[in-house]
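**Q** Attaching a single structure in structure tokens format; questions to follow.
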Amino acid sequence: MTRTHEKVGDLPRSNPAHTPLTAAQGIAAGFRLLEGRWKILILFHLFGGRVLRFSELERSIPDVSQKMLAQQLRQLEADGIVARTVHPEVPPRVEYHLTDWGQSLCPALDALLGWVEQKP
């Protein structure tokens, strides 16, 4: 930890190879992965190792359409944040859960929420 000022506290160590530009670009890329009206809500429903079927997600997010939920889940899956499991049954049972990388996003979102709650 590096110290900035006695009133500010410690800053976490970041990658020393980052410049302000590359750090800003990296954060912007991360935010682009989470863009979408329903993505963050989907993530919060799946945090903690929860495994949910499409219909369970649909019921837990009442304002989302089937089309939009499917689209957002496909994007999260393509980005490696959510994993989709299709069970070979009739009718097919499809379940969604966070990948390890997706689950590792939880502390960052919790920190962001804490930061927002501290707004004066």
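The values are calculated or read from the model by the stated rules, or taken from the named source; none is laboratory data. Predicted model, so just to flag it, every value in this text is computed and none were measured. All Cβ positions, even for glycine, are placed from backbone atoms using ideal geometry, and neighbour counts span all protein chains on display. The protein model used for the area step is the full one, side chains on, heavy atoms only, and it has no ligands, DNA or RNA in it. Shrake-Rupley method; radii C 1.70, N 1.55, O 1.52, S 1.80 Å.
**Q** How large, in percent, is the carbon and sulfur part of the accessible surface of the chain at a probe radius of 1.4 Å?
**A** Summing carbon and sulfur atoms, their accessible area is 59 percent of the total for the chain.
**Q** Something else: Per residue, how much accessible area does the chain show when a 1.4 Å probe rolls over the protein heavy atoms, in square angstrom?
**A** Counting only protein heavy atoms, the per-residue value for the chain is 72 Å².
**Q** OK, next. Just by accessible area at a 1.4 angstrom probe, what is the order of 90, 82 from largest to smallest?
**A** Accessible-area ranking of 90, 82, largest first: 90, 82.
**Q** Hey, rough spin-label estimate for residue 56 and residue 86, points 7 angstrom out along Cα→Cβ, what's it come to in nanometres?
**A** Simple spin-label model gives 2.0 nm for this pair.
**Q** Can you list residues from other chains, or at least 5 along the same chain, whose modelled amide H is less than 5 Å from the amide H of residue 99?
**A** Long-range HN contacts for residue 99: 82, 83.
**Q** Let me check against my output: what whole-number percent is the relative contact order of the chain, with C-alpha pairs under 8 Å and at least 6 apart? Each step should come with its number before you reach the end.
**A** Working: 93 pairs, mean separation 24.1, N = 120.
Computed over the chain, the figure is 20 percent.
**Q** Taking 0.36 nm per intervening residue step and subtracting the Cα-Cα distance, what contour gain separates residue 95 from residue 79 on full extension?
**A** 4.1 nm
**Q** Pull up all non-local amide H partners of residue 53: gap of 5 or more, or a different chain, and H-to-H distance under 5 Å with H placed in the peptide plane.
**A** Here 96 satisfy the definition.
**Q** Any idea what diffusion coefficient the chain gets from Stokes-Einstein, in µm²/s, Kirkwood Rh on alpha carbon pairs, 4 °C, 1.567 mPa s?
**A** 78 µm²/s
**Q** At most 13 other Cβ atoms within 10 Å and a DSSP loop assignment: could you name the GluC sites (Glu not before Pro) in the range 33-120 that fit? Show your work: numbers first, answer last.
**A** Numbers: sites: 35, 56, 58, 77, 89, 95, 117; in loops: 35, 89.
Answer by residue number: 35, 89.
**Q** Test of understanding: what is the full-extension gain from residue 28 to residue 44, defined as 0.36 nm times their sequence separation minus their Cα-Cα distance?
**A** On the way: separation 16, 0.36 × 16 = 5.76 nm, distance 2.06 nm.
Gain on extension, residue 28 to residue 44, equals 3.7 nm.
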